[in-house]
Amino acid sequence: MYNIRNVTKDIVWIGANDRRLALFENVFPLPEGVSYNSYLLKDEKTVLLDTADAAVAGQFFENLEAALEGRKLDYVVVNHMEPDHCALLEEVLRRYPGAVLVGNAKTFTLISGFFGLEKAERMTVKEGDSLICGKHTLYFYFAPMVHWPEVMVTYDAADKVLFSADAFGSFKSLDGNLFSDEVNYERDWLDEARRYYTNIVGKYGVMVQTALKKLSALDISCICPLHGLVWRSDFSFLLEKYDKWSRYEEESRGVVIIYASIYGHTENVAEILATRLSEKGVRDVRVYDASKTHVSELIAEIFRVKNVVLASSTYNAELYTPMKNLVADMKALAVQNKNFALIENGSWAPYAKTQMTETLSSLKNCTFEEISLTVRSSLKEGQIAELDALAASLAAKCGK
Ligand code: FEO
């Protein structure tokens, strides 16, 4: 049975949730699922804006058929060619022959790569081009690398709706509540939205900034992303978050401590440092075990603060694997603008700090605390003063 909901009188959400998928892009855990949003504009012409992932094909096609109410499909706008949104393109054209594919030159290169579909009717748009659908006119603006090079957004001038592709999306399934004003966003959605942004688009902050500037010229009443909630009010909250995330600015003056510990001795140092920070008045201190916390959560937390403590054991004369994976991911995502404090442990040949420094030094606009600790197997009484001094320095940077 179909499950659809109107966004405006003429725009229908026809997406679907996937609560079964364990790993998004086969790498990011989805404890609360994910939605694949797709929209249908019904005017003199009918326009499908993106399809969905193959996993929700059954629901998607029931929804599309119900929303069309027997009408033919005239256009399919492809804002983003990643398979979680375009997987059903070929089947859409099989079921609705004659529908015109709308995309830019890069879109069609990718369509040819994934599907072929050379015989499908194509409308290639350039920046600012429009498509008159009746009383609605759609305008197309390019947003390259938010999150792939072909990405564009579509703006409906009549309803002032922005179809924003991956931008402003989030992990997490929709629970019937399609609109952000129907949920407690900050409590229930923000963490998953941050994890989505930082891990999926986080590397491309400059491009996100360019897109935000471009979109600021539009009069927008509603934002329809390809994942997560639709926004029809309080945009400033979301836009401020995107602005901060894409400029690599912290949201909190707290400290995130991430440790990679084999037998608990490095963990012990992290716990004591957290206590000392708290005693000095730092209110947002969070401690994570890199071995048990998915790297995507750690990345999101690193984006959230300025001050990051990394404490790691040495293992086989290398940085211990969980921390090695984390710093490699930080480099891959071009994390910037952080203040790092480093703590290493090594029973006979401490090496973790050297390797962390090697990788982290390549990140832009980052600083390192002058005090860094080397622990030999376990923290000694004589090192407490040094740890306390590190806590004092970090607390001062948090305004304490
Ligand atoms: Fe949700 Fe970049 O695809």
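The values are calculated or read from the model by the stated rules, or taken from the named source; none is laboratory data. Computed from a predicted model, the values in this text were never measured in an experiment. Neighbour counts are summed over all protein chains in view; Cβ atoms, including those assigned to glycine, are modelled from backbone coordinates with ideal geometry. For the accessible areas, the whole protein counts, side chains as well, though only heavy atoms, and no ligand, DNA or RNA atoms are used. Shrake-Rupley method; radii C 1.70, N 1.55, O 1.52, S 1.80 Å.
Odds and ends about this structure:
- Scanning the stretch 41-49 for any residue that is without any contact (Cβ under 8 Å) to a residue 60 or more places away in the chain, of a type in the set (Lys, Arg), within 16 Å of the ligand (Cβ to nearest atom) and touching an Asp or Glu at 6+ places or on another chain (Cβ under 8 Å) turns up nothing.
- All of (1) part of a helix (DSSP H, G or I); (2) open to solvent by 10 Å² or more (accessible area, probe 1.4 Å); (3) within 14 Å of the ligand (Cβ to nearest atom); (4) farther than 23 Å from Gly33 by Cβ hold for Val208 with one exception: (2).
- Count of the stretch 154-182 residues, restricted to those that are in a loop (DSSP other than H, G, I, E, B) and within 16 Å of the ligand (Cβ to nearest atom), is 8.
- Selection within the stretch 226-266 - in contact (Cβ under 8 Å) with a residue 40 or more places away in the chain and among the aliphatic types (A, V, I, L, M): Leu226, Leu229, Val230, Leu238, Val255, Val256, Ile257, Ile258, Ala260, Ile262
- So Glu127, is it over 17 Å from Phe163 (Cβ atoms) and either acidic (Asp, Glu) or open to solvent by less than 40 Å² (accessible area, probe 1.4 Å) (or both): no
- Pick from the stretch 357-374, criterion assigned to a helix (DSSP H, G or I) and in contact with a Phe, Trp or Tyr (Cβ under 8 Å, 6 or more places away or on another chain), ranking: farthest from Asn268 (Cα to Cα): Leu360
- Qualifying residue in the stretch 21-36 (condition: more than 14 Å from the ligand (Cβ to nearest atom), crowded, with 17+ Cβ neighbours inside 10 Å, touching a residue at least 24 places away in the same chain (Cβ under 8 Å) and aliphatic (A, V, I, L, M)): no
- Candidate set: the stretch 62-91, residues that are buried (at least 20 other Cβ atoms within 10 Å of the Cβ) and part of a helix (DSSP H, G or I); chosen: the one farthest from the ligand (Cβ to nearest atom): Ala67
- Scope the stretch 174-209; condition of a type in the set (S, T, N, Q) and without any contact (Cβ under 8 Å) to a residue 40 or more places away in the chain; matching residues: Asn184, Gln209
- Only one of Phe171, Phe115, Phe108 that is assigned by TED's automatic domain parsing to the domain that holds Trp13, open to solvent by less than 20 Å² (accessible area, probe 1.4 Å) and without any contact (Cβ under 8 Å) to a residue 40 or more places away in the chain: Phe108
- Yes/no for Tyr242 being within 16 Å of the ligand (Cβ to nearest atom), outside any loop (DSSP other than H, G, I, E, B), open to solvent by less than 10 Å² (accessible area, probe 1.4 Å) and at negative phi: yes
- Matching option when the condition is open to solvent by less than 40 Å² (accessible area, probe 1.4 Å), in contact with a strand residue (DSSP E or B) (Cβ under 7 Å, 6 or more places away or on another chain) and more than 27 Å from Ala193 (Cβ to Cβ), among Leu273, Leu310, Leu298: Leu273
- Check on Lys364, under 22 Å from Leu298 (Cα atoms) and either open to solvent by 70 Å² or more (accessible area, probe 1.4 Å) or under 33 Å from the mean Cα position of the chain (by Cα) (or both): yes
- Candidate set: the stretch 211-224, residues that are open to solvent by 70 Å² or more (accessible area, probe 1.4 Å) and free of Cβ contacts under 8 Å to residues at least 40 places away in the same chain; chosen: the one farthest from Val7 (Cα to Cα): Lys213
- Filter result for Asp50 (modelled with pLDDT of 95 or more, surrounded by fewer than 20 Cβ atoms within 10 Å (Cβ to Cβ), in contact with a strand residue (DSSP E or B) (Cβ under 9 Å, 6 or more places away or on another chain) and closer than 21 Å to Ala157 by Cβ): no
- Gly264 meets each of the listed conditions (1) in contact with a strand residue (DSSP E or B) (Cβ under 7 Å, 6 or more places away or on another chain); (2) more than 16 Å from the ligand (Cβ to nearest atom); (3) small (Gly, Ala, Ser) apart from (1).
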